[in-house]
Amino acid sequence: MKKIAPSILSADFSKLADEIKEVEEAGADYIHIDVMDGHFVPNITIGPLVVNAIRPTTDLILDVHLMIENPDQYIPAFALAGADIISVHAEACTHLHRTITSIKEHGKKAGVVINPATPVEMIKPILPEIDLLLFMTVNPGFGGQSFIPAVLEKIKLADKWRKELKLDIEFEVDGGINSDTAEQCAKAGVDVFVAGNAIFGQTNRKQAMDVIREAING
Ligand code: DX5
Ligand code: ZN
């Protein structure tokens, strides 16, 4: 069953708990939380304090996407705050295997993220160690950008490896996802669809999610 992960980056931060409740009731599978530090990406967003505040408001899986330098330093804080999945950028980790091990030692699911320009071959050796592989389909930093179609080839290649090696990994896409781009990604092998603007940017969030769900399961 394919999953939808609304990104709260496009939600109304003045009523975050209500926004999360609304998408939870509309059938969201994960809540995607974008953490940006103003260094790895040119924007600053959410820290562990906010994750901690969100935690008691929902039973959904908190899918924490770290767009930060030196993620090793902050894994304990995000784990303690209540993250369920912690994903780190391959580009930000000098010792990626060590970082993944640390996430798992904190009892959390470990994800690796690659930017559009990063070859998927870079993370092939670590595939057996991870729970989630997140393909950025825009350059990270902001919501509302356009999907980069070249990423589809990387997804297809990784899907081939996943089948050959019989790996139990979820593939996720993030950036410019709407019903049209989600459908293309679903065909390439994606399981989890992050959408910010296409859900929180719409007045009827339930309808927005239903349209995406129909496209990915269709
Ligand atoms: C981008 C973030 C995304 C963002 C997606 O850097 O990682 O999660 O919220 O927003 P949309 O779906 O609007 O492209
Ligand atoms: Zn994200």
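Here are the numbers for the structure shown:
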{"read-out": "Partner aspartates and glutamates for LYS21 [C-alpha distance under 15 Å; skip if fewer than 8 residues away on the same chain]", "value": "ASP12, ASP29, ASP59"}
{"read-out": "Eligible lysines near LYS124 by straight Cα distance, threshold 28 Å, same-chain separation 8 or greater", "value": "LYS2, LYS3, LYS104, LYS108, LYS109, LYS154, LYS156, LYS160, LYS163, LYS166, LYS187"}
{"read-out": "Under 5 Å, built H, 5+ apart or other chain: amide partners of VAL113", "value": "VAL88, HIS89, ALA90, LEU134"}
{"read-out": "Charge dipole (the chain, unit charges on Cβ, about Cα centre) - positive-most of GLY196, PRO119, ILE54", "value": "PRO119"}
{"read-out": "DSSP-defined beta bridges in the chain - what % are antiparallel, rounded to 5", "value": "5 percent"}
{"read-out": "Local net charge near ASP37, Cβ-Cβ under 14 Å (Lys/Arg +1, Asp/Glu -1)", "value": "-4"}
{"read-out": "Table column - 3J(HN,Hα) (Hz), segment 9-17, Karplus curve with 6.51, -1.76, 1.60, x for Gly and Pro", "value": "4, 9, 7, 7, 5, 6, 9, 4, 4"}
{"read-out": "Phi-based couplings in Hz for segment 161-171 (Karplus 6.51, -1.76, 1.60; Gly and Pro marked x)", "value": "4, 4, 5, 4, 8, 6, 9, 9, 10, 8, 9"}
{"read-out": "Sequence-separation-based contact order of the chain, relative, with Cα cut under 8 Å and 6+ spacing, percent", "value": "21 percent"}
{"read-out": "Charge sum, other residues only, whose C-beta stays under 12 Å from ASP72's C-beta, Lys/Arg counted +1 and Asp/Glu -1", "value": "-1"}
{"read-out": "Charge sum, other residues only, whose C-beta stays under 11 Å from CYS93's C-beta, Lys/Arg counted +1 and Asp/Glu -1", "value": "-2"}
{"read-out": "Cα-centred dipole magnitude for segment 35-189, charges only on beta-carbon of K, R (+1) and D, E (-1), debye, nearest 20", "value": "260 debye"}
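Since every read-out is calculated from the coordinates, none of them should be taken as a lab result. Note that this is a predicted model, so its numbers are computed, not measured. Methodologically, a virtual Cβ is constructed for each residue, glycine included, from the backbone with ideal geometry; neighbour enumeration extends over all protein chains shown.
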